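These notes are about the structure you will find just below.
The values are calculated or read from the model by the stated rules, or taken from the named source; none is laboratory data. Keep in mind it's a predicted model, so treat the numbers as computed, not measured. Here the Cβ positions follow ideal geometry from the backbone for every residue, glycine too, while neighbour counts run over all protein chains shown.
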Amino acid sequence: MQLLLLFWLALLFEDGDNKEDFQGPTSFCLIQISSFANSTWAQNQGSGWLGDMQIHGWNSDSENATFLKPWSKGNFSDQEVTELVDIFRVYLIGFTREVRDFASVFQLEYPFEIQGTAGCEVRHAGAPKSFLRGALGGLDFLSIQNYSCAPAPEGGWRAKKFCETILQYQGILETIEKLLFLDCPRFLLGVLDAGKTDLQRQEKPVAWLSSGPTPGSGRLLLVCHVSGFYPKPVWVMWLRGEQEQPGSQRGDVLPNADGTWYLRVTLDVVAGEDAGLSCRVKHSSLGGQDIVLYWGQHVSVGLICLAIILPLLLLFIGLALRFMRRRSYQDIL
Ligand SMILES: *[C@@H]1O[C@H](CO)[C@@H](O)[C@H](O)[C@H]1NC(C)=O
């Protein structure tokens, strides 16, 4: 009893200390994408995600899970993991079979695609939250709401009928409930702890400027590239002096192969009005020391000219001197 109390106290204090500045992911989900090309050909893709980081894959040939990080199993035992992988394998086989069998009842026309996502989230306050959503042909189909199957309006009669049907399978529902509301939060907390070093790491961005394809005559596209940062949240803005430029266009934050992120922010300006512009980057890894890059096109063009002209000039002077010296020798001779 006392131990339990201590445990809760420890948890409470830990809460107060770390949660505020913890920037890592807070959710785990499995994603399933099932493509049905015709009545005999189907393919299942599966993956497990901690926030925006993929930590599990699914090899559809060997019908086995792949663990992409050394800590992808969290604090689950090998036996528990094996059981879960078995459940997932049996589920995918059953799913494919049932969809084929019911394709005519639900008037599904080949080819079609089914997407599903299920997982849970730990929040700063309150109990963990679990979710399950399904989509058919890119439209919402159903979700789990209040421990029950809720058809999405976009799912029409098919979704209603599906939910009515699935509610009759008590065994399946109990398994889903256990996985979503018990196993998932337990797994999530374990994997967040096991991967702590990786997840809370800070990688500094590098930034550079370039000009993009001209957006029109008399205009310039300034590009600020920011790459190699982790975690994902980043603030990048074009400024004139201290003034943020509202025309700054932020691209999507794209993944690098090494698990860090890349972002480009562009600014479309009238040629000749590009002086005094700078790109500012704020990121948690920089500890308040923002990266500021000044758009130095004029300087750099000037420098390039100087770099080309100066050696030419020296060469010319050298040649001229030699020529003059030769002349003077000739004069003497
Ligand atoms: C089913 O689709 C697969 C993949 O597109 C194709 O290779 C196969 O020939 C198709 N089978 C039939 C019976 O149409």
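For first residues located in region 191-215 and within 15 Å of residue 236 (Cβ to Cβ), partners that are assigned to a helix (DSSP H, G or I) and not basic (Lys, Arg) and lie 6+ apart or on another chain with Cβ distances below 8 Å form the pairs 204/285; 204/286; 205/285; 205/286. Selection of region 84-138 for residues being under 25 Å from the mean Cα position of the chain (by Cα) and of a type in the set (Phe, Trp, Tyr) yields 88, 131.
Listed by first and then second residue, the pairs linking a residue in region 26-49 that is in contact (Cβ under 8 Å) with a residue 40 or more places away in the chain to a residue that is within 15 Å of the ligand (Cβ to nearest atom) and among the charged types (D, E, K, R), with Cβ atoms under 6 Å apart and 6 or more places separating them unless they lie on different chains, are 35/113.
Matching residues to (1) basic (Lys, Arg); (2) more than 15 Å from the ligand (Cβ to nearest atom); (3) surrounded by fewer than 19 Cβ atoms within 10 Å (Cβ to Cβ):
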residue: 25; (1), (2), (3): no, yes, no
residue: 29; (1), (2), (3): no, yes, no
residue: 32; (1), (2), (3): no, yes, no
residue: 36; (1), (2), (3): no, no, no
residue: 43; (1), (2), (3): no, no, yes
residue: 47; (1), (2), (3): no, yes, yes
residue: 50; (1), (2), (3): no, yes, no
residue: 53; (1), (2), (3): no, yes, no
residue: 56; (1), (2), (3): no, yes, no
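Return yes or no: is residue 109 within 16 Å of the ligand (Cβ to nearest atom) and without any contact (Cβ under 8 Å) to a residue 40 or more places away in the chain?
Details: within 16 Å of the ligand (Cβ to nearest atom): yes; without any contact (Cβ under 8 Å) to a residue 40 or more places away in the chain: yes.
Yes: the conditions hold for residue 109.
Being more than 16 Å from the ligand (Cβ to nearest atom), touching a residue at least 12 places away in the same chain (Cβ under 8 Å) and over 19 Å from residue 231 (Cβ atoms) is the filter here, so list the residues in region 58-79 that pass it. Please lay out each step first, then the result.
If we filter region 58-79 for residues that are more than 16 Å from the ligand (Cβ to nearest atom), which is where we start, we get 58-59, 62-79.
Okay, now just the ones that are also touching a residue at least 12 places away in the same chain (Cβ under 8 Å), so 58, 63-65, 67-69, 71-76.
Correct list: 58, 63, 64, 65, 67, 73, 74, 75, 76.
Only one of the numbered conditions (1) crowded, with 18+ Cβ neighbours inside 10 Å; (2) at pLDDT below 95 is violated by residue 151, and that is (2).
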